[in-house]
1. If I stretch the segment between residue 229 and residue 38 completely, what's the gain in nm (0.36 nm per residue apart, minus their alpha carbon distance), one decimal?
2. Can you tell me the length gained on complete extension of the stretch residue 77 to residue 176, counting 0.36 nm per residue apart and subtracting the Cα distance?
3. Any idea how far apart residue 58 and residue 109 come out in nm if each label point goes 7 Å out from Cα toward Cβ?
4. Stick to the Cα atoms of segment 40-92, pair each with every other, and give me the Kirkwood hydrodynamic radius in Å at one decimal.
5. Each label point is 7 Å from the Cα along the Cα-to-Cβ direction; what then is the distance between the points at residue 214 and residue 50, in nm?
C-alpha cells in the first residue's frame, strides 16, 4: 500500500518538474525602445527659427542590431541615416529643423445674412436702414462706411438722412482685421440689385472668421535588422500671423 502512495507522489513531483522545466526553457526574444527625448520637444514653433530635437534608440536585444531611420516634418524628409546599437545601450540621435511657410485653418465664428425685397427709393435714417416698413439695425462703423462710399443725395445734414441712388446696382464690402494670437477677420457686405421696374433685392451680411496656424507634425520611422518597424509622431503648435 505504501508503495502505491510513493508511486503517486513520484508522478506528481515529476509533473511539477516538467512544468518548471518548460517555463525555464522559454527565453526572451529581446526588444527595442524608440522614443523622443521629451526635454528637446518645443512647446511651440516660430517660423524661420531653427530647433534641435532628439530621439533615442534603446536596445534590449540579445545581440547587436542595426537600425535605419528617417525623420519627417509635415511628410517632408529632412534626415536619414543608420546606426548600430549593442545590447543594453542607447543611442541619442539629434536633428535640426525649421519651417518657413505656415498653413492656416479658416474657422467661421459668425455668419449672418438678411435678404429684403423692397419697392421704391430706400432711405438711411440715423443708424436705421429703412425700406418702407422694413428696417435693419446697423453699427456706427457700417453707417459711416455707407455714408463715405455710397452714391447718395443729402437730405438735411443735421438728422443724417440719406437717399440712395438706386439707378444702378450697389455692392459695398467693408473688412476689418483684428490681430491677436488667432487673427480675426470681420466682413460687412451690403448689396442692392434691381429685380423689377421699382423692385429691389437688398442683402446685408456679416461674416466673422479667424485663422489658426495648423500644427507641425514631426514623424520618425526606425527600421531594425530584425525586421521590426518603430514609428514616432509629435504634433507641435505654431505661432505666427497670416
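1. 66.7 nm
2. 31.7 nm
3. About 4.5 nm separates the two model spin labels.
4. The Cα-based Kirkwood calculation yields 13.1 Å.
5. 2.7
Only the coordinates and a few stated rules stand behind these numbers; no lab work does. This structure is a prediction, so every number in the text was calculated from the model and none was measured. Note that each Cβ is placed from the backbone with ideal geometry, even for glycine, and that neighbours are counted across all protein chains shown.
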